[in-house]
Each structure stands twice: as structure tokens, then as C-alpha cells.
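For reference, the structure is listed below as C-alpha cells.
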Amino acid sequence: MSTAARISVSAAVLLVGLVAAFSLRQDDPADGVSWLPKCTLNSLTGLYCPGCGNTRATRALLNGDLAGAWHQNAAFVVALPFLTWGAARLWIAWMFPGKLKPLPFSWKYHYSVILIVLVILFGVLRNFPQKPFNWLAPVPLSKMKAEGS
């Protein structure tokens, strides 16, 4: 793929992302965001998956509310800088092949296993109704609606 094509694809993806971010920033999830799917696990079982609350956390971050994002999905807030850094490295490697320096460490298989275990553990613990685990659960939409946030 030529550099011009990569620039065009990058610009298109950035434009779609900005439109989606602007739309999400304006929409209130408590009123229902029709263009986003609901969590299947939560809809079927009432349990929270590790990703439940990500949309509301993203909206809170887009509105500058770090505490609100933390209350929706703390794991997402912690992971977001690393995910952003990784996505930026992938984009740079795609945009400028061969120009990106390798990382000063090598990723080991057990790092992935540890991350998967942590995500599963977070998903399980956030479903316990007792403190301190219930603090990991996202703020329900009905509570957000009542508080007007």
C-alpha cells in the first residue's frame, strides 16, 4: 500500500473516530445510545462482563470526568493509556515500515496469561454484591438517570 493510501485510510479512520466520539460525548447512555450494542452477557444474565461500563467510562473521559469513568470501569481506565500506546505503535509501524525501534524488552507468553487471568478475575469480582467488590461494578443506568449525570 502506498504512503498516500495509508494517509487516506488513517484520515478516514480518524474522522470516523472523531464523529463517534463527538456523538458519544453528546448522547446520555442513561437515555440509551441506539447506535451501540448492549452487552449480551448482562442482557441475558444480569452479570457484568469485564467490559461493562466501557461506553459510559469513555463518555465520562470525553467530558473530562476521570472519577466518573473510574466508577464505570476502573480496569478500562487503567488499561486505556497502555492500549493507546500500543495502538500508536501499531499505527507508526504500519505507516512507516521498518522505522520503529524495537521495545527494550520482549513480551513473554506468561505476560499474556497474567493479563487474561486479571481480566477474568476483575469480571468475576465485580459481580459480588459485598463491599469492596461492589465498587468494581459499573453504576447502573437507572442510578445514573436518577442522579442526572
Original post:
Using alpha carbons only, how many degrees (0 to 90, rounded to 10) separate the axis of helix 109-125 from the longest principal axis of the chain?
Top reply: 20 degrees
Original post:
Which whole-number percent gives the relative contact order of the chain, counting Cα pairs below 8 Å spaced six or more residues apart?
Top reply: 26 percent
Original post:
What percentage of the solvent-accessible surface of the chain, computed with a 1.4 Å probe over protein heavy atoms, is contributed by carbon and sulfur atoms?
Top reply: 72 percent
**OP:** Determine the dipole magnitude for the chain: charges of +1 sit on the beta-carbon of Lys and Arg, -1 on that of Asp and Glu, nothing else is charged, the reference point is the Cα centre, and the result goes in debye to the nearest 20.
**Re:** 420 debye
**OP:** Using per-residue counts of other Cβ atoms within 10 Å, averaged over each peptide, order 46-55, 121-130 from highest down.
**Re:** 46-55, 121-130
Subject >> Of Val124, Ala57, Thr3, farthest towards positive along the dipole that unit charges on Lys, Arg, Asp, Glu beta carbons give the chain >> reply: Thr3
Subject >> Read-out semi-axes √(5λ) of the Cα gyration tensor in Å, derived from the coordinates shown; its label in (1) 27, 18, 13; (2) 33, 19, 15; (3) 32, 23, 13 >> reply: (3)
Subject >> C-alpha long axis of helix 3-26 to longest principal axis of the chain, angle in ° >> reply: 20 degrees
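The values are calculated or read from the model by the stated rules, or taken from the named source; none is laboratory data. What you see is a predicted model, and the numbers here were worked out from it, not measured in a lab. No Cβ is skipped: glycine too gets one built from the backbone with ideal geometry, and neighbour counts run over all protein chains shown. These area figures cover heavy atoms from the full protein model, side chains too; ligands, DNA and RNA do not enter into them. Shrake-Rupley method; radii C 1.70, N 1.55, O 1.52, S 1.80 Å.
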